Each structure stands twice: as C-alpha cells, then as structure tokens.
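In what follows, a single structure is set out as structure tokens and then discussed.
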Amino acid sequence: MPKNNEKVPTWATEKWGETSTRGINEFKWFVQERLLPILGIKNENPLISNVVSRKHITVEKGKDGERMVLFSAGGRAVYIAPVPADLPEFTMEMGSKIIDAFLDISCLYVKDNRLHNYYPNQVTYEKMVDAAIENGICRYCAGSNSESFFRLISSLETWAVKTYEGKKVSFGFLFNPDKDANFSSKEEKEKGKSWLGFLKSDYAASLSDGIHSLIELDKDCNLCGFLSLTAGGMVDAYKLCDGAPYRFAQVIQSYVTGSRVGVFLLNNGDIVLAKGGEVRVVKRNLKWLNISFKAFSGFITAELEEKPTETLLRSIYASVLDVSFSHTGGIIAWIRNNEEWKKLTEHGADKEAIIDPCDDLRSRVSDAGIEKRMIAARGKMPKKEKPMFNREIEMRLLKRKVVKTLICNSTFPKMDRKLRAELIAMDGACVIDWKGRVRAVGAIIQNDSGSAGGGRTAAAKKLARYGFAIKISTDGYIEAFVGEDNVYSVK
C-alpha cells in the first residue's frame, strides 16, 4: 500500500476503482486488454488469483482438472480458464518479456512502499504501455541487444508512414545476434553514423525488399551484408511451410533460423517479425498482434465436437495468412458433415438455398437444370431485365466450369497454395467440406435480413452455424467464427 502522503492520480482511481491492493485491477486490465491479444489468447474476463508465481506465465491445472494460465507480476496475479491447448514456448517467452517491460512503467505497482511511477493523465500512461509492449517484444527478439532492435523498429515505423518518389517502400532485415560487424565505432554511433543513421535517409529506400533480399544486421543492428535468393545466379527450390505467407516464405525459411530474427516492413505499413522459421507477430495499424497456428487451431477446435484434420486445418491457416498479407480479402468456411451441407443447399417453393446449385461444385444437377432453378427462384421480372439476367446465368455457369477445371477434383490441402489464395479472394465464399473437398468458390451467401457488421461478416457468421468460417478483410484483419461466435481474431 502506498504511503499516505503519496498522491494516486485521480484518473487511475476512476479507471480501476481501487488503490489499496497493489494495483491488481490495473494488472488485470493490462492482461485482458493488451497482453492476451498479443499472445493470441481470447478470454473476456481474467479472474483475480490468490496464488502468485515466481514466473510471469505458468500453465497449471485447476481443482476441477481444467487447464488454466496464471499471469503474475509484482505480487499481483490473475488467471484465465479454461484454455484449449498448451501455450507455445515462444508465447510464454514473449509474454514474460512483455510483463517485465510493463512492470517498469506500471502506474500502481508498489515498490519499496512507494508507487513505482506517476502519470499526470491516462493518455500519457497508455502511450507508455504501448511503448512497454513494443519494448517487451524487442527483448524477446533481441535479448540483451534490445535497445538497438527497438531503434530499428522505430525507424521502420517512420518509413511506414512516408513515401519515396511517391511510393511506399518495403524492407527486409535479418537480425543476427551471433555476429559483430564492427561497422561503427562508439563515437560514430553517438553521432548517428551507423546503419540505423543511414536507414533514416532516402538512400536506404531501394535496399532489400523482404521477398527476395535481406540486409543482414549484427547484434547491435549494424550492417553485416546483403542476402539474396538470387545469389549464385539461380533461385533454389524450396518447400513452402504453413507458418509464413508465401510472399516472403522463402527468405524466412532460408535465413530466419536459430536465434536469427526476420524483420519486414511491407508496403502497406505492416511490420512483421519472424523467428524460428515462422511469423510470430505483426504490427498493424499501431497494434502488435499475434499470428500463430497454435492459437488459431486451439480456439477454433475447442468449440467443435466434430473437428477437421490437422492437415486440413494447417492448409486453411496457411491460406488465411496468404490472403491476409496480400490484402485481397475473402471468406473461407468448413462444413462439419453431410447433414449440415444439406441444410445449406436445401430449397423449396418457400425457401431459397443458402448456397444454390450453381455454386455447388459437386452438384449433379445439369447446367440446364441449374438454369431452370435460377429462373424459378428469380420469379417474374420485367421483360427488359431478362437479357441481363440471362447473361448473369451464363457467366455464373462459366465461372463454375472454370473453377472446377482449375481445382480438378483436388482436396484443399493438395491444391496449389497460390491458387487457393486466389480462389478465396474471389467475390463470395470458399466452402470446404468435412473431407477437405472444395464444395464452392465465390459462393453468394443468402444472408438474413437485418444482419449487422457488413456483408462479409454476416456471410461468415451464417456459414459458421454449420462448422466454422473465417473472414479476412482487405485490411488484413482475420476473424474466425464458430456457431456465429467470434473465437479468434487478429485485428
């Protein structure tokens, strides 16, 4: 408890409602609102714990045997339960580093019987929280060399909002903590004569693209050299992994190994960090967000009684990443069984199918039968509208033929990955069945009247009633729905 003569900011008292429990409500707010989204954990209400661990994050079993995650810091602790899967090691490590950084700037953390920090207003405090989160991520990536890494990220944030010759620029870096290039002396660094000083200039704008080339940096973020997939006059073949978007998967798999960290600035302003051969976090619209298959699969499958195979789920996850980072937008849905598929396609005199036969790639109805059904569903129309409607039928049937030819009866995991992303980006929804077969591409979903949240969101929620559905916005945001509930998001 702080000393009586020490003033607690009024805004803090109003925000958290207490000042006498070592700031437990502040810590709960931080975990709930700031930490969990970065770790890829969805939980709306962490609970206060009487048990405090020496470690910042531990996974334990509660009295009823369900798995829980305990967050501890500065004599304060909260937990969430249940959690559907063990947390990945990198999530535990990164989360602990972020909590460490948060303790340094905490408003109500009491140390030596005194408040550790004082902030005159909430705006100042929340900016410090944002900086602490970034600091913690840099500590996870760079360890004891985090200050230089922090400066690198800050430089990229500047480039994210500026242009060179009227265009946004992209960069790719490989941070190698095992190298010491001695590029700059201490005196030169202090005068800005280092790689980070050079990065501020327009001369740096054309160096590296993050797709085919990287600038290698040493432990102090000084220049080591240039890495390129075209080295030796040829581009080596490689096998795509599911943990990175295909656009820069090859440089990640080729160079981002061991303790090395890949740092990418995309031309839309996203800053992507990769470690261990996979994308870990992305800074998008000023927020750091978690991207991991473990979180994606854990929170989706936890809500499903019937579950897709891991192979299918990994292929869906990889394509969701591809669409997200290409910023094309799209919907992909998985249907749990044949009975649910029948519900989606059934129709009658007083009922229009949610997915009509023209979009059902495995329908046995002939083109003539599909045309007849579409005309019947449309009903009477003015004579002048008939040519346009007939053209629409013609184009939809042609689209159906084109898509079937491209897919060639392949299951989703066996399809070409680039083709998968392009089909998901087609206007409408891509629908996969319980066997991994592609049942519809560019399907127009019959949404309920009065649906809120936009057409894509409404369509994803409706499809999620029959399994799960994922909406990817053109901004790159990812939202996964099961039974219309949002169970996982990167936004």
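Please work out if Val251 is assigned to a helix (DSSP H, G or I) and either modelled with pLDDT of 85 or more or farther than 16 Å from Leu174 by Cα (or both). Before the answer, list the steps.
Working: assigned to a helix (DSSP H, G or I): yes; either modelled with pLDDT of 85 or more or farther than 16 Å from Leu174 by Cα (or both): yes.
Yes, satisfied.
Would you check if Glu33 is in contact with a Cys (Cβ under 8 Å, 6 or more places away or on another chain) and either modelled with pLDDT of 85 or more or under 21 Å from Ala132 (Cα atoms) (or both)?
Details: in contact with a Cys (Cβ under 8 Å, 6 or more places away or on another chain): no; either modelled with pLDDT of 85 or more or under 21 Å from Ala132 (Cα atoms) (or both): yes.
Considered against the rule, which asks whether it is in contact with a Cys (Cβ under 8 Å, 6 or more places away or on another chain) and either modelled with pLDDT of 85 or more or under 21 Å from Ala132 (Cα atoms) (or both), Glu33 comes out as no.
Could you list, ordered by first residue, the pairs with Cβ atoms under 9 Å in which the first is in segment 88-113 and farther than 21 Å from Ala12 by Cβ and of a type in the set (Ser, Thr, Tyr) and the second is in a loop (DSSP other than H, G, I, E, B) and open to solvent by 60 Å² or more (accessible area, probe 1.4 Å), at least 6 apart or interchain?
Ser96/Lys55
Take the conditions among the hydrophobic types (A, V, I, L, M, F, W, C), closer than 25 Å to Arg247 by Cα and at pLDDT 85 or above and apply them to Ala421. Does it pass? Step through it out loud before you land on a result.
Values: among the hydrophobic types (A, V, I, L, M, F, W, C): yes; closer than 25 Å to Arg247 by Cα: yes; at pLDDT 85 or above: yes.
It is true that Ala421 is among the hydrophobic types (A, V, I, L, M, F, W, C), closer than 25 Å to Arg247 by Cα and at pLDDT 85 or above.
Do you know which of the residues in segment 302-337 that are assigned to a helix (DSSP H, G or I) and open to solvent by 30 Å² or more (accessible area, probe 1.4 Å) is farthest from Val482 (Cα to Cα)? Break it down into steps so the answer makes sense when it comes.
Here is the first cut: in segment 302-337, the residues assigned to a helix (DSSP H, G or I) are 310-326.
Retained after the next criterion (residues that are open to solvent by 30 Å² or more (accessible area, probe 1.4 Å)): 310-311, 314, 326.
Numbers: Glu310: 17, Thr311: 19, Arg314: 17, Ser326: 25 Å.
It comes out as Ser326.
In this structure, does Asn117 turn out to be modelled with pLDDT of 90 or more and either within 24 Å of Lys287 (Cβ to Cβ) or among the small types (Gly, Ala, Ser) (or both)?
So Asn117 does not fit the description; no.
Here are Ile370, Ile335: which of them is β-branched (Val, Ile, Thr), out of contact with any His (no Cβ under 8 Å at 6 or more places or on another chain) and at pLDDT 90 or above?
Working: Ile370 fails: at pLDDT 90 or above.
After applying the criteria, what remains is Ile335.
Kindly establish whether Glu340 is open to solvent by 50 Å² or more (accessible area, probe 1.4 Å) and out of contact with any His (no Cβ under 6 Å at 6 or more places or on another chain). Reasoning before the result, please.
Values: open to solvent by 50 Å² or more (accessible area, probe 1.4 Å): no; out of contact with any His (no Cβ under 6 Å at 6 or more places or on another chain): yes.
Considered against the rule, which asks whether it is open to solvent by 50 Å² or more (accessible area, probe 1.4 Å) and out of contact with any His (no Cβ under 6 Å at 6 or more places or on another chain), Glu340 comes out as no.
Within segment 119-130, how many residues are in a loop (DSSP other than H, G, I, E, B) and closer than 18 Å to Leu35 by Cα?
0
Which one of the conditions (1) closer than 20 Å to Val431 by Cβ; (2) out of contact with any helix residue (DSSP H, G or I) (no Cβ under 9 Å at 6 or more places or on another chain); (3) modelled with pLDDT of 80 or more does Lys401 fail to meet, given that it meets all the rest?
All conditions pass for Lys401, except number (2).
Return the total of residues in segment 271-301 being surrounded by fewer than 20 Cβ atoms within 10 Å (Cβ to Cβ) and part of a loop (DSSP other than H, G, I, E, B).
Selection size over segment 271-301: 4.
With respect to the numbered conditions (1) assigned to a loop (DSSP other than H, G, I, E, B); (2) surrounded by fewer than 19 Cβ atoms within 10 Å (Cβ to Cβ), which one is the sole condition not fulfilled by Gly243?
Tallying (1) assigned to a loop (DSSP other than H, G, I, E, B); (2) surrounded by fewer than 19 Cβ atoms within 10 Å (Cβ to Cβ), Gly243 fails exactly one: (2).
Yes or no: Val263 touching a Pro at 6+ places or on another chain (Cβ under 9 Å), open to solvent by less than 10 Å² (accessible area, probe 1.4 Å), outside any helix (DSSP H, G or I) and farther than 19 Å from Lys471 by Cα?
Answer is no for this residue.
Give all pairs with beta carbons closer than 6 Å in which a residue from segment 324-341 that is under 16 Å from Thr309 (Cβ atoms) meets a residue that is among the hydroxyl-bearing types (Ser, Thr, Tyr); count only pairs at least 6 apart in sequence or on separate chains.
From residues that are under 16 Å from Thr309 (Cβ atoms), the pairs are Ile335/Tyr466.
Listed here are the residues, each with its yes/no results for (1) modelled with pLDDT of 85 or more; (2) among the aliphatic types (A, V, I, L, M); (3) farther than 16 Å from Val169 by Cβ.
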residue	(1), (2), (3)
Leu199	yes, yes, no
Tyr203	yes, no, no
Ser208	yes, no, no
Gly232	no, no, yes
Leu240	no, yes, yes
Gly243	no, no, yes
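Taking only segment 343-378 into account, find how many residues are without any contact (Cβ under 8 Å) to a residue 40 or more places away in the chain and open to solvent by 40 Å² or more (accessible area, probe 1.4 Å).
In the first step, residues of segment 343-378 are kept if they are without any contact (Cβ under 8 Å) to a residue 40 or more places away in the chain; the result is 345-351, 357, 363-378.
After this cut, where a residue has to be open to solvent by 40 Å² or more (accessible area, probe 1.4 Å) as well, the list is 346-347, 349-351, 364-368, 371-373, 375-378.
Residues in segment 343-378 being without any contact (Cβ under 8 Å) to a residue 40 or more places away in the chain and open to solvent by 40 Å² or more (accessible area, probe 1.4 Å): 17 in total.
Of the residues Ile133, Ile41, which is part of a helix (DSSP H, G or I) and more than 13 Å from Gly23 (Cβ to Cβ)? Don't jump to the end; show me each part of the working.
Numbers: Ile41 fails: part of a helix (DSSP H, G or I).
Going through Ile133, Ile41 in turn, just one is part of a helix (DSSP H, G or I) and more than 13 Å from Gly23 (Cβ to Cβ): Ile133.
Please enumerate the residues belonging to segment 64-110 that are assigned to a strand (DSSP E or B) and surrounded by fewer than 19 Cβ atoms within 10 Å (Cβ to Cβ).
Step one: filter segment 64-110 for residues assigned to a strand (DSSP E or B), giving 67-73, 76-80, 110.
Passing the criteria: Arg67, Met68.
The values are calculated or read from the model by the stated rules, or taken from the named source; none is laboratory data. All of these numbers come straight from a predicted model, not from anything done at the bench. All Cβ positions, glycine included, derive from the backbone under ideal geometry; neighbour counts span all protein chains shown. Only protein heavy atoms, including side chains, enter the accessible area calculation; ligands, DNA and RNA are left aside. Shrake-Rupley method; radii C 1.70, N 1.55, O 1.52, S 1.80 Å.
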